[in-house]
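Peer 1: For reference, the structure I am asking about is given below.
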């Protein structure tokens, strides 16, 4: 190696396209162009949560969601029995307490989806290191995309079909008070 220097002896290579002005002195000083908020940074969940938390505080968001779930749950249940929700005179605390029943299924499904995504992520990372695994991952991705598109189309079609026929045929008549409670004039 006469006449040639190794990379370690020369020091770090300059990054092209970035200014070489340091924000401090010494070898560990950060470069001004290397700011974390630069346009080169990828979008991450942490970054999104940090930006959302600048506008809405996390406890406020949790309480607002709990209130909404409780109100929706109580409103749907009382409408099923033909009772107007305003006659029950519930307070905000009542709606928050009733939100536990309404939030259990969505929270459980979300947690199971997160655990499944973590498992699939680990399997995919492991499978990518072999050529056979890469082919399987590619086929799985294509199959998953097709399955997702078909299920989304079916869900949208079913929702529009069920809502349209229910309102047009009067199948939601059970929610009116006349069908559940007989009128007082009948004897």
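Peer 1: Set the Förster distance to 22 Å, then compute FRET efficiency between residue 151 and residue 113 from the Cβ-Cβ distance, nearest 0.05.
Peer 2: Numbers: r = 14 Å, r/R0 = 0.64.
Result of the calculation: an efficiency of 0.95.
Peer 1: Shifting gears a bit: Normalised by the empirical 2.2 N^0.38 Å for globular proteins, what value does the Cα Rg of the range 44-106 take?
Peer 2: So the Cα radius of gyration is 1.40 times the expected 2.2 N^0.38 Å.
Read-outs: derived from the displayed coordinates by stated rules, not from any lab. Bear in mind that the values here come from a model prediction, so they are computed numbers and not experimental data. Methodologically, a virtual Cβ is constructed for each residue, glycine included, from the backbone with ideal geometry; neighbour enumeration extends over all protein chains shown.
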